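Input: a single structure, listed below in structure tokens.
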Amino acid sequence: MGVELTALLGRAEMGFGPQGLDCLRGARIVITGAGGSIGSDLCRHVVSASPASLVLIERHENSLHDLLT
């Protein structure tokens, strides 16, 4: 008995491939909650798109430090 992703989301799953990241190239991006599980994964994807700047905001300093090391 597994849990379906769409049941948790309450909507259809959306795909986001590498071509979708092109819109972030050269942009200024701010990510809040950057040290959390979702935020840190988002940071890794965004940085691969070569933004002009990436500002990471996190309440817990240790989580942010772990992300940057």
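The values are calculated or read from the model by the stated rules, or taken from the named source; none is laboratory data. Only a predicted model underlies this, so the values are computations on that prediction, with no experimental measurement involved. Positions of Cβ are backbone-derived with ideal geometry, glycine not excepted, and every protein chain shown enters the neighbour counts. Quick note on the areas: whole protein, heavy atoms, side chains included, nothing else; ligands and nucleic acids left out. Shrake-Rupley method; radii C 1.70, N 1.55, O 1.52, S 1.80 Å.
Work out the P(r) tail for the chain: percent of alpha carbon pairs separated by more than 13 Å, whole number.
Value for the chain: 69 percent of Cα pairs lie more than 13 Å apart.
Compute, for Ser40, the solvent-accessible surface of its heavy atoms (probe 1.4 Å) with the complete set of protein chains present, and express it in square angstrom to the nearest 10.
20
Out of residues 5 or more away from Ile29 or on other chains, whose amide H comes under 5 Å of its own, with H placed 1.01 Å from N in the peptide plane?
Ser53, Leu54, Val55
Residues of segment 9-43 with backbone nitrogen within less than 14 Å of a virtual label 7 Å along the Cα-to-Cβ line of Asp66, please, listed as ranges.
Those under the cut-off are 34-41.
Could you tally the net charge around Leu68, taking each other residue with its Cβ under 15 Å from the Cβ of Leu68, Lys/Arg +1 and Asp/Glu -1? Kindly include the intermediate steps, with their values, before the conclusion.
Values: positive: Arg44; negative: Asp41, Glu58, Glu61, Asp66.
With Lys, Arg at +1 and Asp, Glu at -1, the net is -3.
When the helices in the chain are scored as -39500 (n - 2.57) per DSSP H run of 4 or longer and the sum is shared across all residues, what 222 nm value do you end up with, to the nearest 500 deg cm²/dmol? Working shown, then result.
Numbers: 3 runs with 24 residues, N = 69.
The helix contribution divided over the chain gives -9500 deg cm²/dmol.
Between Ser50 and Leu21, 0.36 nm times their residue separation minus their Cα-Cα distance comes to what?
Details: separation 29, 0.36 × 29 = 10.44 nm, distance 0.92 nm.
Gain on extension, Ser50 to Leu21, equals 9.5 nm.
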